[in-house]
Amino acid sequence: MGLAHMSPSRRGFRRTLLSAYLAVAALSSGSAEPETLVEAEDNALVEVPTTQQQQQDGALGVGAGVLGCTGDAEADETTVDESEATLHAVDVGDASSAAHAGAGAAAPRFNISAFNGFKLSNLSAALDARCQAAVADVLDRDASGERPPKLYADPLEGARVAPLNGTDDVRFVYFIGVGNRPHAHLVVSRLIYALYSPTHLFLLHVDIKAAEAAAAACYALQAKHANVRVLGARRLVQWGMFSMVSIGLDAMLSALRAGLAFDYFINLSDADLALRTDVEMRRFFSRPAIRGRSFINVHDGGGRALLEAAAFIDTHTIVECGGYGFVVVNKTARDFPLTHGCCIGRSGPAAFAQLPIGRGSLLRGRRPSTMGTSSRASSTSSAEGGEDEEEGLRAHTGSQWAALSYEFCRDLVLSTEGLRWIAAFERRLVPDESLLQTVAMHSPRHRSTLINHNLRWIDWPHSHGDPNEYWNKLGARQYIGGPRVLNASELQQVLTSPYLFARKVDVSVDAEVR
């Protein structure tokens, strides 16, 4: 999802759309995780080490069932289910609000209004309870020291990877987000086939809204390959919200806590096409001029639309309601342009409340990041960088798709400074397109090794005319804010390009591309 690619539609509340924006797809719990992994035939595979504490950390998410749609951002629209009971069902096993169960159940602590001006509890008691719990969680964490949101490390018990072929070899952790597309498993299977090596680790997050057949196919891949793992903590993922970031952070933390030595963490989705083989990937990333450097696209300036979008995001603080809906803090519906009169892009419904919640200290006026460097280097950077402590640090934006070095991943999810950044971006719109960029640009070490590119072929409809015409043609609710879907006539140009991956592919639009 491009920052400048969300064109807010006209205001206005349409009753006929209400049920679509208040309901979440019924949870799919029939595809249980296999009790054991089928061992790979390659006897060279070695087990990824885990400790008892790591298993306890990961066990918190295993079987939790729900946490928080998927994105460009790769987030699919929420499936329509007119029964409000589905919202209650989501709450039952939601680990994102488990620590604050019942925070707003009997007597709501906060006055939250819906996008139509009425009390949210009158519109949907279940959604109000979900948002009450999310707000209470943020405030409780702030009171105890601005703690970051809970991340879930899968113990990766039984997962195995083969040893590397020498010191010059490269190991990848491929993270693949699987959404609610019925054909998602076909694209995921193709990705793994194209990139496969027993030395790599493939971590899949299956959105709680994923089709039952797609989820079952992902668990079958896990059973077939010892280095393919479906993360135990399945989140409910929402377009443009922090849940899109948290699934990748869960995967990153899982690999690090398991003690796996890897070189790169590459995020993908069920709408990606691999353009290179494993041999080509290894050859490219093992180059001395590249190895150890992260590929993160950072916008440099940008046109008027991009600047306006960034300014809009900078002036709004939000609290995501456990993966469905969100609360805009200290604003009203009059101040907040809504898509379809209720949402933003492909998100769930917006709500509004006056709350003592800020953006996080790192975005309010603290010194530049010390992540990955010494305090002396940080103070030098502060003086040279000209950051104004009163105005706060600048948030940078760019593409959510990246190839991150081991060191960047470690500093992001295992350091105090990295966790503070995560806590701050939990409260921003479209954090998937700003967290990595801002962390890298405010870290002297990682900024100096940054390569400003996402390695992806992405064709935005804006270069072909009015993007709204394209999105409406395919279905605005499902495609708004996203790039053009690849078709077979473009494949020759894409396959001969210098990129490593292409997006976006959609079997329902062109079955020949996957």
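Every number in this text was worked out from the coordinates using simple rules, so none of it is lab data. Just so it is clear, the structure is predicted and the values come from calculations on it, not from any experiment. Neighbour counts run over all protein chains shown; Cβ positions are idealised from the backbone, glycine included.
Some notes on this structure:
- Centre-to-centre separation between the Cα atoms of the range 193-223 and those of the range 333-356: 34 Å.
- Using a Förster distance of 25 Å, the FRET efficiency for GLN493-TRP460 (Cβ separation, nearest 0.05): 0.95
- Pairs exceeding 29 Å between alpha-carbon atoms, taken from LYS150/LYS224; LYS224/LYS504; LYS119/LYS504: LYS150/LYS224; LYS119/LYS504.
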